[in-house]
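Below is one structure, written out as structure tokens, with a few remarks after it.
The values are calculated or read from the model by the stated rules, or taken from the named source; none is laboratory data. The model shown is predicted, which means the values in this text are computed figures rather than measured ones. Heads up, the Cβs are rebuilt from the backbone with ideal geometry, glycines too, and the neighbour counts pull from every protein chain shown. What goes into the accessible areas is simple: the full protein's heavy atoms, side chains included, and nothing from ligands, DNA or RNA. Shrake-Rupley method; radii C 1.70, N 1.55, O 1.52, S 1.80 Å.
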Amino acid sequence: MKTLAELQAIRDRMRSQIDLREAGDDRIRVVVGMATCGIAAGARPVLNALLEEVNKRELKNVTVSQTGCIGVCRLEPIVEVYVPGQEKVTYVKMTPDKVASIVSEHLVNGRVVEEYTIGAAE
Amino acid sequence: MKEIALHILDIAQNSIAARASLIELTLSETREAIVFTIVDNGSGMSAQLLARVTDPFTTTRTARKMGLGIPLLRMAAEQTGGSLTIASTEGVGTTVTALFHPGHIDCPPVGDMAGTITLLLQGTPQLELHYIHTIDNHSFQLTTEDLRAQLGPEISLAEPEVILWIRDYLQEQETLLREHKGMKA
């Protein structure tokens, strides 16, 4: 059974690797729509899967965050990927199953997974 | 919304949008009633806005002229013979209370509270959250102050390694509570 004291070990580990974390501007941002529409469509398990995958691969240059309604509620859950210096990519009708390939292909290898994008859905 | 936990996630975002720094979330389950209360210290609402807030064509957002979070919750609660009440004072905060009757066929399951708490903290790591979940006479309690006391001030709750640990911890505690092995209330 886990106890809160385990957080101290995480803290000590993170303090020692704090400088490994890449600084500000060249970070990849992954944003999940978490308004009523996103939540109802299943954004919670998608965001959970993203956190797991990013943590598993130790992607120190990736920030996962949440936003409100992106504006195309019928295509929720929606995930936007912002790679510095490139156009934003919008993935639609996301599921936890799609997350692994987007993380490995797009976030790690820099190849957009075209079949999941809003361009392919419309 | 397929779970009460998803309603809670959705409604608590309103508190965050109202710039609350503290949310007190209590969820209590008995054979007769499932009740959750969200108390925040956000900006609160005027009496005029409060009177219109369960109308789907009332919203403070600018993307479009509808907001469905509160109306969907009201419908879900009333469908079970339950109720939704909202009290609010401008400059003080808002209290939302929803009551569901678990014996009613339309009552959604409570669902994944660990996932809901995790995502609230991941989205707003600076938030102070006090969470108490009671099932019959057993309860589980978590405060962000307790988490931060172990973690220190400089490490964000949203760090992937930290937030995933919190999720696993909550899942474990929620399971124990569900099996009536939690602390006696």
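Key figures
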item	result
³J(HN,Hα), Karplus 6.51/-1.76/1.60, whole Hz, each residue of the range B:139-156, x for Gly, Pro	9, 10, 9, 9, 10, 5, 4, 5, 5, 5, 4, 7, 8, x, x, 8, 9, 6
Degrees between helix A:6-16 axis and first principal axis of chain A (Cα, 0 to 90, nearest 10)	90
Förster radius 25 Å - calculated FRET efficiency between A:Ser65 and A:Arg13, Cβ distance, rounded to 0.05	0.65
Karplus-derived HN-Hα couplings along the range A:83-97 (A = 6.51, B = -1.76, C = 1.60, θ = phi - 60°), whole Hz, x at Gly and Pro	9, x, x, 10, 5, 4, 10, 10, 9, 10, 6, 6, 9, x, 5
Heavy atoms of A:Met14: accessible area, 1.4 Å probe, square angstrom to 10	10
At most 13 other Cβ within 10 Å, DSSP loop - trypsin sites (Lys or Arg not before Pro), the range A:17-122	A:Arg21, A:Lys60, A:Lys88, A:Arg111
Cysteines not pairable in chain A (beta carbon separation under 4.7 Å absent)	A:Cys69
Rounded, prolate or oblate (a/c below 1.5 giving rounded, otherwise prolate when a/b exceeds b/c) for the range B:1-111 by Cα gyration tensor	prolate
Inter-probe distance in nm under a simple model that places probes 7 Å from Cα toward Cβ, at A:Lys88 and B:Phe57	3.0
Sulfur and carbon atoms: percent of accessible area, the range B:1-111 [1.4 Å]	56
For the range B:43-169, alpha-carbon Rg and Dmax in angstrom	17.4, 47
Space enclosed by the convex hull of the alpha-carbon atoms of the range A:65-122, per residue, Å³	93
Share antiparallel - DSSP beta bridges, the range A:25-121, percent rounded to 5	55
For the protein assembly as shown: rounded, prolate or oblate by the Cα gyration tensor [a/c cutoff 1.5]	oblate
Alpha-carbon gyration tensor eigenvalues x 5, square-rooted, for the range A:10-101, Å	26, 15, 11
Residue among B:Gly123, A:Asn61, B:Leu147 farthest towards the positive dipole end of the protein assembly as shown, charges placed on Cβ	B:Gly123
A:Arg111/A:Asp25 FRET efficiency (R0 25 Å; Cβ-Cβ; nearest 0.05)	0.65
